[in-house]
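Visitor: The structure under discussion is supplied below as structure tokens; questions concerning it will follow.
Bear in mind that the values in this text are calculations on the coordinates, not laboratory data. Since we're looking at a predicted model, the values are computed, not measured. As a convention, Cβ positions derive from the backbone with ideal geometry for all residues, glycine included, and neighbour counts pool all protein chains shown.
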Amino acid sequence: MKTVGLCRFSYAGKGGFKVDHDDFPALEAFLYGAKRMQERFRLFEAITLPSIANQTDPDFTFLIITGDTLPAPYLERLTDLVKDIPQCVIRQYPPGPHRRIMSKAIKDWRGAPDAPCLQFRLDDDDAMALSFVERFKQTAHDLAPICARHSSVAVDFNQGYIYTASDEGVKLWAYQYPYSAIALGMIVQARSDDTIMNHGHQNLWKTMPTMTFTGEDMMMRGHNDFNDSRLKGKGNVFDYQPMSDAQARHIYETFGVDDAKVRSIFSAP
């Protein structure tokens, strides 16, 4: 079944951020600020891309959506980072309403909705388990009788970690949360042009049947200096702890995230 993941990489559009900006130039100044972009690239390289490049089922597309105003040096750096990952496809779109543009990106990729497809989303500082695509497809097969009666069905894997990353490596806090944007997918039937970006991820259960799995680590959610919710003033405090050797092995085997590589990337000038 055709499978697509969508990743917004510093897309400058209307909406999509809890932090308000006075106008479009102010939004661009925030998004493309040197300090923010350095952090985004480091997290994308160290955390997100390993979880994409090493999926146990490689038959999927990972759409990386950015704006057509992204400065050329950043576009070149992004292109270089993903050039050896065949699943990654960069697409640029002009400024517009965030959800409408993200939905359009999925529809442009899908083409005529004459067959079912699987859709998921992933932020550029998050990671999903290396088995996610495989498990997602298996679940779609298992749920076929239910999916046949509904235009869209959601699949939620709700366990993992919130993490921080720095030159000191990865620090973790165990995390269990329903309908996070990570390790969450949607099965869309033929003749439906629905997309996962038509729905707020926390509200999927209000609009369609859902299937939830727990008991295994399937997601890593980033908590960093430029988290939208953090900048909005939400004072979430998590008891992050350095990883033991056993945890570091588990994170590498589960998500493809290498703690030594994280330290190296964040130590680079």
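Visitor: Under 17 Å between alpha carbons: how many lysine pairs meet that in the chain, if sequence neighbours fewer than 8 apart on the same chain are excluded? Spell out each step's value before the answer.
Guide: Values: 2/104; 2/107; 2/137; 14/104; 14/232; 18/232; 18/234; 171/261.
The number of close lysine pairs in the chain is 8.
Visitor: Same structure, new question: In deg cm²/dmol and to the nearest 500, what is the mean residue ellipticity at 222 nm of the chain if only DSSP H runs of at least 4 residues count, each as -39500 (n - 2.57), divided by the residue total?
Guide: On the way: 11 runs with 90 residues, N = 269.
Calculated at 222 nm, the ellipticity per residue is -9000 deg cm²/dmol.
Visitor: For residue 174 paired with residue 207, estimate the spin-label separation in nm (one decimal), with each label point 7 Å from Cα along the Cα-to-Cβ line.
Guide: Each label point lies 7 Å from its Cα, and together they span 3.4 nm.
Visitor: Order by neighbour count: 195, 69, fewest other Cβ atoms within 10 Å first, most last. Show your work: numbers first, answer last.
Guide: Working: 195 23, 69 16.
Listed from fewest to most nearby Cβ atoms, that is 69, 195.
Visitor: Let me make sure I get this right: for segment 16-118, a, b and c are the square roots of the gyration tensor eigenvalues over alpha carbons, sorted descending. Under 1.5 in a/c it's rounded, otherwise prolate if a/b > b/c, else oblate. Which is it? Spell out each step's value before the answer.
Guide: Values: a/c = 2.14, a/b = 1.25, b/c = 1.71.
In terms of gyration-tensor shape, oblate.
Visitor: Just rank 238, 62, fewest to most, by other beta-carbon atoms within 10 angstrom.
Guide: Values: 238 15, 62 24.
Ranked by crowding around the Cβ, least crowded first: 238, 62.
Visitor: I've got another one for you. Among 98, 250, what is the fewest-to-most ranking by other Cβ atoms within 10 Å? The partial results should precede the final answer.
Guide: Numbers: 98 18, 250 14.
Going from least to most buried by this count: 250, 98.
Visitor: Could you pull out the trypsin sites (Lys or Arg not before Pro) across segment 18-114 that fall in loop regions by DSSP (anything but H, G, I, E, B) with no more than 10 other Cβ atoms inside 10 Å?
Guide: Details: sites: 18, 35, 36, 40, 42, 77, 83, 91, 99, 100, 104, 107, 110; in loops: 18, 83.
The qualifying sites are 83.
Visitor: Modelled label-to-label distance, residue 149 and residue 237, 7 Å Cα→beta-carbon offset: nm?
Guide: Rounded to a tenth, the inter-label distance reads 4.8 nm.
Visitor: Could you check the spin-label model distance between residue 61 and residue 75? Points 7 Å from the Cα along Cα→Cβ, value in nm.
Guide: It works out to 1.9 nm between the two label points.
Visitor: Skipping prolines and chain starts, which residues have an amide H placed within reach, meaning under 5 Å, of the one on residue 218, given they are 5 or more residues away or on another chain?
Guide: 159, 160
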